[in-house]
1. For an R0 of 45 angstrom, estimate the FRET efficiency from the Cβ-Cβ distance between Thr319 and Thr284 and round to the nearest 0.05.
2. Computed FRET efficiency, Cβ-Cβ of Glu257 and Thr396, R0 41 Å: what is it to the nearest 0.05?
3. For Cys333 and Glu541, compute 0.36 nm times the residue count separating them, minus their Cα-Cα distance, and round to one decimal in nm.
4. For Glu229, what accessible surface area do you get with a 1.4 Å probe? Give it in Å², rounded to 10.
5. Sorted by mean Cβ packing within 10 Å, highest first, what order do the peptides 181-190, 528-537 take?
6. Hey, if you put +1 on the Cβ of every Lys and Arg and -1 on every Asp and Glu Cβ in the stretch 97-247, which of Cys179, Val113, Ile101 ends up farthest toward the positive end of that dipole?
7. About the Cα centre, and with charges only on the beta carbon of Lys, Arg (+1) and Asp, Glu (-1), how big is the dipole of the stretch 97-247? Nearest 20 debye, please.
8. Taking 7 Å along the Cα-to-C-beta vector as the label spot, tell me the Asn173-Asn303 distance in nanometres, rounded to one decimal.
Amino acid sequence: MLRVFGSQVLNSKVFGMVSEDNVIEDSASVEDDFDGDDYDYDDGGDYYDDDYGDAGDDDDDYGLVEDDDVDDPGAMVSRRPKLGYTVLQEADIKQRQEDDISKVSTVLSLSQVEATILLRHYNWNVNEVHDEWFSDEERVRKSVGLFERPVVDVSDASKFTCGICFDLLPCDNFASASCGHPFCRECWQGYICTSINDGPGCLLLRCPEPSCKAAVGPDMIDKLAPCEEKEKYSQFLLRSYIEDNREAKWCPAPGCENAVNFAVGGGDFDVTCLCSYRFCWNCTVEAHRPVDCETVTKWMLKNSVDGENVNWILHNSKTCPKCKRPIEKNQGCMHMTCTPPCSYEFCWLCLRAWSSHGVATGGFYSCNVYEAEMQKGNVDAEMRREMAKNSFEKYTHYYERWASNQSSREKALEDLNRMESENMEKLCNVQCTTMSQLKCITEAWLQIVECRRVLKWTYAYGYYLPEHEKTKTQFFEYLQGEAEAGLERLHRCAEKELDKYVTADGPLSDFDDFRTKLTGLTSVTKTYFENLVRALENGLEDVNSTACNKIVSPRSPASPRSPTGRNGKGRGSRGKESPRAGGSPKNVDDTSK
């Protein structure tokens, strides 16, 4: 599986929402704070303790920002080069482009224009330009279109005939590229403007002479093109520095003009632009860890094409035997009548003419012909229709939950912004506390946003899990369910329980207990998702007989999915209210009301 969120790049606690100094001192205090019917985190020998008990202390970090970065967004940006990528603004791109041009110009003793043409031809790869040039300068000049001397000598002429408009004009009305072919300025201008308006292909512009391959450089554009076309050409040239560079890509966020320069081979493709948009550098889709790019591509294609509409038609309708139009059965009777002008009457079951039905077929509203065909195994169309129906229902199951978590994530982002812009200061005043003491609230919301994103993509992962791998499916559903249950508790606490402290008339005595509870839930939820992400990125290879026995053979009937725990509840579950993996989307939507 393609690893899209590796740990090699993450040298610091970039994902953790709660620092070790702010988290409650030990696991015993977590149980003390959350003991009861609703919050019961058992230290029994379950999957998390056996295999991932120290997940929170690993070097693999799974989150958004460090604690210290919540109050200082600039700190997050300043560390980007350490993470293996750098966000480039327009000024940065121009500076890098100019540096490369100057470097090639100096080393190869060429003009800035010639260096620009060379770099553009070799996709702005300075090393490749040097290698090719020193290997065979003459071949490079010929292929690129850099002429050392003009092929046409017109120095003695006072007038020329333009090869395009055939006007005889004075020499000061003419211009030529390095080849020397003279054309009047008006024709040059029309030629250049047309090429620029046609798109980025103008960067590879050649001499208008059909047999000439001389390159037309930026100097000719500056000298002959109008201001509007000059600006377009400059933008094409600037964008080519990113689009032709294998180590840089534009941020796909709407309206963002930043680029991301990535150290290819770092293993972790998740990057965050200065505009705060987070995406996968490899496929430029929104960040989709822990699902690989191939799965995301298939899933997004499936969501966008009309294939599922076809499946719906297949299992909800049949084609009229006469006119072949699809007909939906909207009543219980098997007697179907096609719409005019066809008006053909037929049996819904066997698709034969209704006039042939009667006593011989077992009665007007019974069809033993169909039953006989079923016994002979000749109802292939019905089988295909049933398979299509099952496939559609499976897709709908996963898509609804994928979309629900997306909408919940968007709602959580809105709540986070409202909390930071409106409620934090109000909460400080009402509860008589400081902003630094309320940092746990921002951390909780950031964790919710990130976990909603991860959970959303786990449903795409689950859709493509092979059906015959039952053990992996059970293992995946267990991990997903535990993570989702923890997230629902955290989301409910941050969304609903916090409200009473914001709207209170004065400080409440249990506000410190609430902060401790919220901090603990954030930490526990983070651990659940670390385990889930790690397992999925490893292709669920961690599933073994011990873990399977714990998942398949629950110790208590009170919690059918829980491997172990007090009162029949495993780590992170809430008895009957614990959401199952792939359960009703209501569990997801509750938090966004």
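1. 0.65
2. That gives a FRET efficiency of 0.60.
3. 69.7 nm
4. Answer for Glu229: close to 20 Å² accessible.
5. Highest-to-lowest ranking by the protection proxy: 528-537, 181-190.
6. Cys179
7. 300
8. 6.1
The values are calculated or read from the model by the stated rules, or taken from the named source; none is laboratory data. If you're wondering where the values come from, they're calculated on a predicted model, not measured in any experiment. Methodologically, a virtual Cβ is constructed for each residue, glycine included, from the backbone with ideal geometry; neighbour enumeration extends over all protein chains shown. In case anyone asks, the SASA skips ligands and DNA or RNA and just uses the protein heavy atoms, side chains included. Shrake-Rupley method; radii C 1.70, N 1.55, O 1.52, S 1.80 Å.
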